[in-house]
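The values are calculated or read from the model by the stated rules, or taken from the named source; none is laboratory data. This structure is a prediction, so every number in the text was calculated from the model and none was measured. Because the Cβ atoms are built from the backbone with ideal geometry, glycine has one as well, and the counts that use them run over all protein chains shown.
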């Protein structure tokens with residue numbers, strides 16, 4: 001893992017939220033995502049952030065899911081991960097309030113960064129990591 005599990009970070013500040021494309025909206029929803037990292041806001045059945053990630057190599061998909069799960073365990077915040085052959089769909093929201101919170105924005109940012117890193121993994125490096133498990 002490339003820094004995702006280092007010292008816990010503070011929740012994203014306003015400037016970080018702007019980098020994610022997040023703005024406050026007037027319809028009683030605490031946040032809205034516009035453009036940042038390609039995450040979409042849905043409201044059915046509850047307000048959530050969703051994104052589909054597509055992979056050309058299955059081993060990259062496996063590395064991505066493993067890294068995301070390790071990150072989730074570290075921050076104790078878990079999304080729904082669905083694997084469909086070469087795609088991974090992730091949905092996340094804060095269950096205690098059934099809304100998207102800053103915790104979910106940080107999750108979305110970190111998962112997007114994990115995806116970017118996985119694209120730079122080598123097959124040999126992945127096999128070495130797989131041997132450790």
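Of 31, 68, all but one fail to be in contact with a strand residue (DSSP E or B) (Cβ under 7 Å, 6 or more places away or on another chain), surrounded by 17 or more Cβ atoms within 10 Å (Cβ to Cβ) and modelled with pLDDT of 95 or more; the exception is 68.
Restricting to region 89-119, count the residues that are in a helix (DSSP H, G or I), more than 13 Å from residue 68 (Cβ to Cβ) and touching a residue at least 60 places away in the same chain (Cβ under 8 Å).
To start, the set of residues in region 89-119 that are in a helix (DSSP H, G or I) comprises 102-118.
Next cut, more than 13 Å from residue 68 (Cβ to Cβ) only: 102-106.
Applying the additional criterion that residues be touching a residue at least 60 places away in the same chain (Cβ under 8 Å) yields 102-103, 105-106.
Total meeting the criteria: 4.
For region 114-133, enumerate the residues that are modelled with pLDDT of 95 or more and either closer than 14 Å to residue 57 by Cα or surrounded by fewer than 16 Cβ atoms within 10 Å (Cβ to Cβ) (or both). Step through it out loud before you land on a result.
Our first condition is that a residue be modelled with pLDDT of 95 or more; within region 114-133, this holds for 114-115.
Selection gives 115 alone.
Is at least one residue of region 84-93 under 13 Å from the mean Cα position of the chain (by Cα) and under 26 Å from residue 131 (Cβ atoms)? Write out each step before concluding.
Initially, region 84-93 is screened for residues under 13 Å from the mean Cα position of the chain (by Cα), giving 88-93.
From what's left, under 26 Å from residue 131 (Cβ atoms): 88.
Checked against the condition, which is being under 13 Å from the mean Cα position of the chain (by Cα) and under 26 Å from residue 131 (Cβ atoms), region 84-93 yields at least one hit.
Find the residue count for region 77-106, including only residues that are touching a helix residue (DSSP H, G or I) at 6+ places or on another chain (Cβ under 7 Å) and closer than 17 Å to residue 38 by Cα. The qualifying residues number 7. Test each condition in (1) modelled with pLDDT of 95 or more; (2) surrounded by fewer than 19 Cβ atoms within 10 Å (Cβ to Cβ) for residue 90 and report the one that comes out false. It fails just one condition, (2).
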